[in-house]
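First up is the structure itself, then whatever we jot down about it.
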Amino acid sequence: NAGVTQTPKFQVLKTGQSMTLQCAQDMNHEYMSWYRQDPGMGLRLIHYSVGAGITDQGEVPNGYNVSRSTTEDFPLRLLSAAPSQTSVYFCASSTRVSGNEKLFFGSGTQLSVL
Amino acid sequence: AQSVAQPEDQVNVAEGNPLTVKCTYSVSGNPYLFWYVQYPNRGLQFLLKYITGDNLVKGSYGFEAEFNKSQTSFHLKKPSALVSDSALYFCAVRNTNAGKSTFGDGTTLTVKP
């Protein structure tokens, strides 16, 4: 059981480039979300989804786009990378099933924008 | 809007001493409260949660947390700290919108031998 899989683990971009961070889960979880982690700022929610076809903005959505066409996949797109988007990105999933409310995290993507 | 405050950036304790990492929260409705731990260069791991029931909840690695509704707090505790407990700890809250969890800024726990 792989859990939550994120790719790539590391990425270096130039300012203005676009890219997609991939996230997949094999637990049939309804909820998926993207966070960024910056020193001293904890984890900030970028976008989240409560099911296929349904997405919503979190605290820091600007510059990012998401879609959820299947239950399993929740890719995060950087439209035009900026140095301020240098961060560690975590994808997470969870279920509405009572008793198992915790978040399951991927291993993270370290992104540098030059 | 929901929020979490972890008032201490850093907590230092000696091995064998009790530890407390503080967390206060704000959320509408009944809170779902969580603690997660992040070891260096690792992802986040679940420690424990409070959904309903007893105010003292027990979790992994000997950690426990006390829910206090009147003080809107959910402090993480351990009776006897280990050097291996040194890590970054995050408190998180969500309400019935299960897709939206809000995290505190994190507290770095250092346990010295």
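The values are calculated or read from the model by the stated rules, or taken from the named source; none is laboratory data. What you see is a predicted model; the values in this text were computed from it and never measured. Cβ: placed from backbone, ideal geometry, glycine included. Neighbour counts: every protein chain shown.
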Qualifying residue in region B:67-81 (condition: surrounded by 15 or more Cβ atoms within 10 Å (Cβ to Cβ), among the hydrophobic types (A, V, I, L, M, F, W, C) and in contact (Cβ under 8 Å) with a residue 60 or more places away in the chain): yes
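Do we have residue B:6 as facing another protein chain (nearest Cβ under 9 Å), within 16 Å of the chain's Cα centre (by Cα), modelled with pLDDT of 95 or more and surrounded by 13 or more Cβ atoms within 10 Å (Cβ to Cβ) here?
Working: facing another protein chain (nearest Cβ under 9 Å): yes; within 16 Å of the chain's Cα centre (by Cα): yes; modelled with pLDDT of 95 or more: yes; surrounded by 13 or more Cβ atoms within 10 Å (Cβ to Cβ): yes.
Considered against the rule, which asks whether it is facing another protein chain (nearest Cβ under 9 Å), within 16 Å of the chain's Cα centre (by Cα), modelled with pLDDT of 95 or more and surrounded by 13 or more Cβ atoms within 10 Å (Cβ to Cβ), residue B:6 comes out as yes.
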The lone exception for residue A:78 - which of (1) modelled with pLDDT of 95 or more; (2) in contact with a Lys or Arg (Cβ under 7 Å, 6 or more places away or on another chain) it fails: (2)
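Do we find that residue B:41 is more than 21 Å from residue A:45 (Cβ to Cβ) and within 12 Å of chain A (Cβ to nearest Cβ) in this structure? Before the answer, list the steps.
Values: more than 21 Å from residue A:45 (Cβ to Cβ): yes; within 12 Å of chain A (Cβ to nearest Cβ): yes.
Judged against the criteria, residue B:41 is a match.
Out of A:73, A:38, which single residue is among the charged types (D, E, K, R) and modelled with pLDDT under 95? Spell out the reasoning first.
Values: A:73 fails: modelled with pLDDT under 95.
Criteria check complete, one pass: A:38.
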Options A:109, A:20; residue that is under 12 Å from the mean Cα position of the chain (by Cα) and surrounded by fewer than 16 Cβ atoms within 10 Å (Cβ to Cβ): A:20
Filtered residues of region B:83-101 (kept if exposed (fewer than 15 other Cβ atoms within 10 Å of the Cβ) and in contact with a strand residue (DSSP E or B) (Cβ under 7 Å, 6 or more places away or on another chain)): B:83
Filtered residues of region B:99-113 (kept if within 14 Å of another protein chain (Cβ to nearest Cβ) and in contact (Cβ under 8 Å) with a residue 24 or more places away in the chain): B:100, B:101, B:102, B:103, B:104, B:105, B:106, B:107, B:108
In region B:38-51, the residues that are within 10 Å of residue B:89 (Cβ to Cβ) and in contact with a helix residue (DSSP H, G or I) (Cβ under 8 Å, 6 or more places away or on another chain): B:47
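What strands (runs of 3 or more DSSP E), lying completely within region A:39-114, carry at least 1 residues that are within 8 Å of chain B (Cβ to nearest Cβ)?
Qualifying strands (runs of 3 or more DSSP E): A:43-51, A:54-57, A:87-94.
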Members of region A:1-27 found to be out of contact with any Gly (no Cβ under 9 Å at 6 or more places or on another chain), modelled with pLDDT of 95 or more and outside any strand (DSSP E or B), listed by number: A:8, A:14, A:15, A:16, A:17, A:18
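The rows are residues; the columns are (1) modelled with pLDDT of 90 or more; (2) under 18 Å from residue A:99 (Cβ atoms); (3) within 14 Å of another protein chain (Cβ to nearest Cβ).
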{"site": "B:31", "(1), (2), (3)": "no, yes, yes"}
{"site": "B:37", "(1), (2), (3)": "yes, no, yes"}
{"site": "B:50", "(1), (2), (3)": "yes, yes, yes"}
{"site": "B:54", "(1), (2), (3)": "no, yes, no"}
{"site": "B:59", "(1), (2), (3)": "yes, yes, yes"}
{"site": "B:66", "(1), (2), (3)": "yes, no, no"}
{"site": "B:77", "(1), (2), (3)": "yes, no, no"}
{"site": "B:86", "(1), (2), (3)": "yes, no, no"}
{"site": "B:94", "(1), (2), (3)": "no, yes, yes"}
Any hit, region A:71-86, residues being buried (at least 21 other Cβ atoms within 10 Å of the Cβ) and touching a residue at least 60 places away in the same chain (Cβ under 8 Å): yes
Filter result for residue B:49 (over 25 Å from residue A:107 (Cβ atoms) and either among the basic types (Lys, Arg) or within 11 Å of the chain's Cα centre (by Cα) (or both)): no
